[in-house]
Each structure stands twice: as C-alpha cells, then as structure tokens.
Amino acid sequence: MTATLILQAGKSGSLRRRHPWIFAGSVATLKGRARSGDTVIVEDEHGTPMGRAAWSPESKIRARMWTFDPDEIVDHAFFKRRVAQAVARRLGWSVLRGNQIEPAGERLLHGEADGLPGVIADRYGDTVVLQLTSAGADAWRDAIVAGIVQATQCKQIYERSDSDVRKLEGLEPVTGWVEAKGLHETLQQTFPQIDEHGVNFGVDVAGGHKTGFYLDQRDNRLLLRSLAKGRRVLNCFCYTGGFSLQALAGGAASVISIDSSGPALAQAKANLALNPHLDASRAEWRDADVFQALRDYHKAGEMFDLIVLDPPKFAPSAAHANQAARAYKDINLFGFKLLAPGGLLMTYSCSGGIGVELFQKIVAGAASDAGRDARILKRLMASSDHPVGLTAPEGEYLKGLLIETA
Ligand code: SAH
C-alpha cells in the first residue's frame, strides 16, 4: 500500500504553484509506512490529491514531487518516459545552437528542471556520467539507467554520486562503472574526449570536479572566444583550461591561466596538447592562489585586456552569503584594478546562496572601490541544456556579468 503524505493546513500553496519541494514543516502526517526513497501520495489538509513524491525522512526537504498529476503512476516506465523527453528536448536545442548539430558534451538530465529531482546526467561522447543526489533518485537508479541507455545509446555510464548533498538525504557516496543491459562492459574509458566548438578536451570522469567538466560554461566559453582576439587574457580559476583554450582559439595575444589544483592544471596542459592548431607559445599556466596572484600582478603593475573570474562555490547556502560576499568583492576589486582602459571583465558566481541582484551589487561595489567606471554588456547564465524551472528558480545557481570598463 502506498503511504499518503498529508500537508499541514495552509501549506499547499507552493505545490499549487508547482514548486516541487515539500519541507518538513509543511508535513502534517504520513499515513501508512514509507522507507526513504519510496513514492508517496500527497494530499492537502482536505484530502485533495496533489500528486506523488519521493519520501526522504532524513532531509529537511522531506519530499520531492515526481508528478503533479495524482493519477500518474511512478514506475519503471515513468522514468523511461521522463528521461526520453529530456533527451529529446536537448536534440532540439542542439540544432538551434547552429554550428554543431550534436555537441559532444552536454547535460542530458538537469534535476528539477527536467522533472527529475536529484538526477543529473552529463554526456561526453559515448560516455554518460550519472549523479544521483536525492533518496528518491537513488531508489530508482535502475530505471533511470535503463532510460538513459535506451534514449542515448551510450556505450558506458559512470556513476559520480559523491556529492556532499547526499549526506543530507542519509545516502552514502556511490562511484564506479554502472552495469546494465546494453552497455559495453569492457570499455571503461575514464578519459573520454569531447569536441567543444572545435576545441578538444579530455574529461576525467572518475577524478574530475562534478561529473568531470563544467558543461554549464560551454556557451559562455564561446562568447569569450568571440571577444578574445588580440587581447591579453587572464583566466582565474581555470580548472582544465576551458576558457583558456577557447581564448587561444579566438586569437588572444596571450593567455595566463591560474588554478591552485595541480591535477587540474596537468589536465589543462594535456588538453592544450590535444589541439595542435592552437598556439601553445601564447599560453602560460600558473599553480597559485588567485587571491594572492591578483595582488602580485597589481604590485608588479601588470595589465590585462580581458579577465575571467570563475571561482568555486564560495556560498553553498544563504548562511555563507556574508563571508562569500567578501571573497567575491576581493577578486572583483583586483580584477578591476588589473584591467587596462576599455578592458572586459567576465565575472561569475555559482553560489546558490548569492542571488543575481546581490552579485551585481558586490561587483558594482568592487568597481567603485577600484575607482573604475564600468557598464554591463550582458548578463550570463548556464548553457541552455541546464534550464531553470520557472517554478523552481533555486535552480539558477550560475550567474555572470560581462562588464566593460572605461
Ligand atoms: N572556469 C572553469 C571552471 C572553474 S571551477 C571551466 O570553465 O572549466 C573552479 C576552479 O577554482 C577549480 O579548478 C579549483 O581548483 C580552483 N580554485 C579554488 N580555489 C582557488 C584559489 N583560491 N586559487 C586558485 N584556484 C582555486
């Protein structure tokens, strides 16, 4: 018997607006028994059915909606359908992106925005990397995998369910090759290579950050490339060289890239070697702390024409916002100080705890402290294969500004 989650009186408004999360404080009672990850029927205080959700007793987000249709059954076929729909939507966008029919690296499943809370899947050529972050998603692993195999005809799936947020759901980390019907058991290629706008990258699916690559910046890397010609570029927090290599492809005069991770820089250099058409003599890699390196360049009187600031998540939640704001302010302040007249700043925050408006305020404060006049040329967000659910705006974690200084 499927258990029924009954909401507190007056707590059904957000569900009616199709926000998919039910917080612990909104639950009146659970009628019947459910284990973590089980599907429950959701009813408001009058017994009106509102849909079906995944039960997660250890999380503050006590349940996540699978469907707002009370009659839709959540079974194997449900996940195959949802996965197939999400993949089909991407094919439409690929064509829209114009110059490449099918990008070699793309996000296939983007959690809530694809009606699959807690499910992330990225495709790197024939390889799919799967990340499950919620109890419900974890419980339906086999169905989700079967859906991916069927919809993509990929050869191998690597699971990277090692994100910290799993702890909040009472889940242990899970990593490794997925075994399932239709997959090539012997391939196990941990460094698939992708082609992003004509530039090659090796992706470390087992040891890299997230699922191995920051696909969310793909469109922004193409924008950077279109701006790079003849410019002296400084790419801060370069990871495996995504923005750096696109800057070289765009004809940058020089590209200095900084990261404090040795393995990331090693992969960045290996990636450059995969692209003999790029002029490696214009690239310099620095293993350094960005906060210190920016100060050193300022002291030395260095100047750049185009600076990228794409730091890690300084504020995972709103509770860290103050401390994070200081860190964002600091790097942006030095970014402005280091820009030559007419220079461009491409600056990002991927912190869920810092909203678009707050981020803009921080950057504005940095410009005025640096004594620079500046204007926004463009607001930036993640690539279109990382959509933001209109009814779940928390999904908009990545925000950026392209700024021109006087
Ligand atoms: N722009 C990259 C992604 C950046 S991820 C891309 O498009 O692929 C953030 C990077 O910041 C990581 O590689 C991490 O190693 C690096 N990092 C974190 N703190 C740092 C610090 N204080 N100084 C330098 N690099 C840092």
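What follows draws every value from the coordinates through simple rules; no lab data is involved. In this text, all values refer to a predicted model and were calculated from it rather than measured experimentally. As a convention, Cβ positions derive from the backbone with ideal geometry for all residues, glycine included, and neighbour counts pool all protein chains shown.
What to note about this one:
- Between Ala288 and Asp259, Ser260, the built amide H atoms are under 5 Å apart, and every one of these is 5 or more places off in sequence or on another chain.
- Each of the peptides 75-83, 298-306, 143-151, 119-127 was scored by the mean count of other Cβ atoms within 10 Å over its residues; in descending order, highest first, they stand as 119-127, 143-151, 75-83, 298-306.
- Long-range amide H partners of Gly343 with built H, under 5 Å: Thr405
- Structure note, pairs Lys80/Lys378; Lys31/Lys210; Lys210/Lys337; Lys210/Lys269: Cα-Cα distances above 26 angstrom occur for Lys80/Lys378; Lys31/Lys210; Lys210/Lys337.
- Cα gyration tensor category, rounded, prolate or oblate, for the stretch 1-125 with a/c compared to 1.5: prolate
- Seen from Ser254, the other residues with C-beta closer than 14 Å to its C-beta sum to a net charge of +1, counting Lys and Arg as +1 and Asp and Glu as -1.
- Peptides 233-246, 375-388, ordered by how many other C-beta atoms sit within 10 Å of their residues on average, highest first, read 233-246, 375-388.
- The 3J(HN,Hα) values that the Karplus relation (6.51, -1.76, 1.60; θ = phi - 60°) gives for the stretch 397-406 are, in residue order, 7, 9, 9, x, 9, 9, 10, 10, 9, 6 Hz. Gly and Pro appear as x.
- Against the main long axis of the alpha-carbon atoms of the chain, helix 321-337 sits at an angle near 30°.
- Label-to-label distance, nm, for residues given as Ala288 and Gln188 (7 Å Cα→Cβ offset): 4.1
- Restricting the calculation to Cα atoms, the chain shows an Rg/Rh of 1.00 when the hydrodynamic-style radius is the Kirkwood one.
- For the stretch 141-147, 3J(HN,Hα) per residue [Karplus equation, 6.51 cos²θ - 1.76 cosθ + 1.60, θ = phi - 60°, Hz, x = Gly/Pro]: 3, 4, 5, 5, 4, 4, x
- Between amide H atoms placed 1.01 Å from N, distances below 5 Å from Trp177 occur with Glu159, all of them 5 or more places distant or on a separate chain.
- Remark: relative contact order (the stretch 4-67) = 37 percent; criterion is Cα-Cα distance under 8 angstrom and separation of 6 or more residues.
- Protection proxy ranking, highest mean first, for peptides 264-276, 217-229, 280-292: 217-229, 264-276, 280-292, where packing is the per-residue count of other beta-carbon atoms within 10 Å, averaged.
- Crossing angle, helix 290-299 versus the chain [Cα axis fit, 0-90 degrees, rounded to tens]: 20
- Helical mean residue ellipticity (222 nm; -39500 (n - 2.57) per DSSP H run of 4+; nearest 500) of the chain: -8500 deg cm²/dmol
- Nearest-0.05 FRET efficiency for Ala77 and Glu302, computed from C-beta distance (R0 56 Å): 0.40
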